[in-house]
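Asks: Sharing a structure below in structure tokens format, with a few things to ask.
Here, each number is a calculation from the coordinates, and none is a lab measurement. Please read these numbers as outputs of a predicted model, since none were measured by experiment. Note that we place each Cβ from the backbone using ideal geometry, even for glycine, and neighbour counts take in every protein chain shown.
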Amino acid sequence: MSDLRDLYQEVILDHNRAPRNFGKLENANREAEGHNPLCGDRVRVSLHVEGDRIEGIAFQGSGCAISTASASLMTEALKGRTVEEARRLFHGFHDLLTAGGDADGLGKLAVFAGVREYPIRIKCATLAWHAVQAALDQQDHPVSTE
Ligand code: ZN
């Protein structure tokens, strides 16, 4: 199990060092911002939604390694998905972190399973996801984890 833990940690560190889909999407038609005051994490997500599919997604912001890596892995997980699939993934991810749910169907997002042992970090890991939910719901005010 410790090998797996090291691998998970390696993936998180890698995505923190070199975040994927970092920046602003030129043709974005949905945007939202998230803020986690407990840790100081800020994230702004921009999406290009065509019909019911997320054709493009990117994020900007600054925060701790967990929040940055989570946003990065999230963009990889959501690109090309339907809005419905995105919501299902978010619920699965949220369950994994808060309700001891299993990682079935979550792919690389499973690397965050260890975060559930650190309740204060759960908000770091879910911040970008909350922002995406807000963007998909087209709320134009900033979201907060508080
Ligand atoms: Zn954080």
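Asks: Once both axes come from the Cα atoms, what is the angle between helix 119-136 and the longest principal axis of the chain, in degrees from 0 to 90, rounded to 10?
Replies: For helix 119-136, the angle is close to 20 degrees.
Asks: For residue 103 and residue 88 in the same chain, what is the full-extension length gain: residue separation times 0.36 nm, less their Cα-Cα distance, in nm?
Replies: Separation in residues times 0.36 nm, less the Cα-Cα distance, equals 4.1 nm.
Asks: Here's another thing I want to ask about it. Taking Cα atoms, how many degrees apart are the long axis of helix 65-78 and the longest axis of the chain, rounded to 10 and kept between 0 and 90?
Replies: 60
Asks: If you place +1 on the Cβ of every Lys and Arg and -1 on the Cβ of every Asp and Glu, how big does the dipole about the Cα centre of the chain come out, in debye to the nearest 20?
Replies: Numbers: 16 positive and 21 negative charges, 50 e Å.
With Lys and Arg at +1 and Asp and Glu at -1, about 240 debye.
Asks: Something else: What's the extension gain from residue 4 to residue 24 if we count 0.36 nm per residue and subtract their Cα-Cα distance?
Replies: Going from the current span to full extension adds 3.9 nm.
Asks: Can you tell me the 0 to 90 degree angle between the C-alpha axis of helix 83-98 and the longest principal axis of the chain, rounded to 10?
Replies: Result, in degrees: 30.
Asks: Cα extents of the chain along the three principal axes, largest first, in whole Å?
Replies: 42, 30, 28
Asks: Tell me, what is the percent relative contact order of the chain, built from C-alpha pairs under 8 Å that lie six or more residues apart?
Replies: Relative contact order comes out at 30 percent.
Asks: What is the list of residues in the range 49-73 whose amide nitrogen lies under 17 Å from a point 7 angstrom out from the Cα of residue 14, following Cα to Cβ?
Replies: 66, 68-73, by backbone N distance to the label point.
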